Structures are given as C-alpha cells and as structure tokens.
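Below is one structure, written out as structure tokens, with a few remarks after it.
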Amino acid sequence: MSARAVFLDRDGVIIRPELRNGRPYPPVSVDQVEVLPGVSESLARLRAAGFRLIVVTNQPDVARGQQRREVVEAIHAELRARLPLDDIRVCYHDETDECDCRKPRPGLLLEAARHAMVDLGRSFMVGDRWRDIEAGHRAGCSAVFIDYGYAEARPEQPDACCGSLPEAVDWILARVAAVDQGISARGAHESDQ
C-alpha cells in the first residue's frame with residue numbers, strides 16, 4: 001500500500017515569517033530561522049501516525065536575485081537537523097518562469113509523491129496562503145489552511161481552517177481516525193453478510 005504524507009509549506013507553517021504590511025516574507029539567513037511553537041511535537045505526532053513529512057516551498061527570491069540559493073539550502077539543512085522531515089522540495093522560480101513546480105501548480109507535490117510512493121488521495125497539504133491550498137487540491141490532497149489574516153487573497157474552499165500547525169494536526173488525525181474507523185466498521189459489516 002502507498003504511504004500517506006503531509007505536505008507542509010515552510011514559511012508560516014513550520015518557521016516564523018517576517019511580516020511586512022500584513023504579508024509574510026521568508027527569513028533571510030539561518031540566524032533568523034525560528035521554528036514555530038508546537039511544530040516539533042506536531043511533526044512527531046504525524047510521524048507516529050505513519051505519515052511521511054514533506055516540505056514544499058516556493059522561494060522566488062532566488063530567481064529575483066534577492067536571495068542566494070546557498071542560503072536557502074543552509075536554512076533547509078538547519079530544518080533537517082532540527083525536525084523529523086523526510087524531504088524538502090523547493091521551487092526557485094518566479095511566476096514569469098511558467099514552471100510546473102511553483103505553487104499553486106501541483107508539480108512539487110506530484111514529484112515528491114512519485115519519489116516517495118505517496119497516495120495523494122490519502123494525503124494532506126498544510127499551508128498559510130491560497131497558493132498552498134490550491135496546489136494541494138490540484139494534486140488531489142485534502143488541504144488545511146492556517147489562517148493568520150494576511151493582507152492578501154484567501155484560499156477558496158479549504159477542507160479545514162486552523163490557527164496553527166498543532167490545530168491542523170489535530171484536525172488531520174481526527175479526520176484520518178474517522179475515515180479509518182469507517183473503513184473498519186464497513187469491513188466488519190461486510191464480513192457479517
């Protein structure tokens with residue numbers, strides 16, 4: 001059977017972004033990386049439930065010449081050292097590049113799912129921006145929106161809205177338990193016939 005995964009946006013989901021004029025921006029150096037409260041414990045809960053943990057992040061500042069790729073990679077090395085992540089997938093392109101990997105397109109999720117043999121229909125995307133939610137839905141995942149009230153467009157029809165990753169994990173684990181319980185109950189009922 002294929003694995004389940006939780007795809008996680010990076011900035012605003014696992015690390016604190018810098019807010020400017022109500023919009024989130026990534027840290028500019030490893031020194032600025034701050035893992036958000038409850039993230040480590042939340043990821044451990046997902047791991048214990050059998051999920052693969054895959055970060056999918058747009059980092060267009062590299063294409064724009066505002067950030068160096070080596071700095072982004074150093075931030076990711078720091079996250080891998082501190083958190084139980086299975087993979088980190090990055091789109092370094094800007095919107096004008098018309099790539100398949102920049103969210104809201106689902107390329108990062110599809111590529112990671114192929115690599116890790118993930119069943120997208122049993123997986124989840126957690127993000128704090130409309131692009132994350134749309135990418136999750138386009139890939140066939142359930143999508144959980146962490147709502148910080150940014151001054152920007154909101155996602156259309158997320159499967160759940162939460163205030164933090166710990167809340168999102170509570171929802172995901174409850175949803176999985178309900179689905180698994182339904183399958184178990186249906187299986188037991190079918191074997192009675």
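One table, with the values for the structure above:
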item	result
Complete set of residues in the range 159-180 that are touching a strand residue (DSSP E or B) at 6+ places or on another chain (Cβ under 6 Å) and farther than 12 Å from Tyr148 by Cβ	Asp159, Ala160, Ala168, Trp171, Ile172
Residue count, the range 43-66 (criterion: surrounded by fewer than 20 Cβ atoms within 10 Å (Cβ to Cβ) and at pLDDT 95 or above)	6
Qualifying residue in the range 77-99 (condition: closer than 17 Å to Pro17 by Cα, surrounded by fewer than 18 Cβ atoms within 10 Å (Cβ to Cβ) and free of Cβ contacts under 8 Å to residues at least 60 places away in the same chain)	yes
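The values are calculated or read from the model by the stated rules, or taken from the named source; none is laboratory data. This structure is a prediction, so every number in the text was calculated from the model and none was measured. No Cβ is skipped: glycine too gets one built from the backbone with ideal geometry, and neighbour counts run over all protein chains shown.
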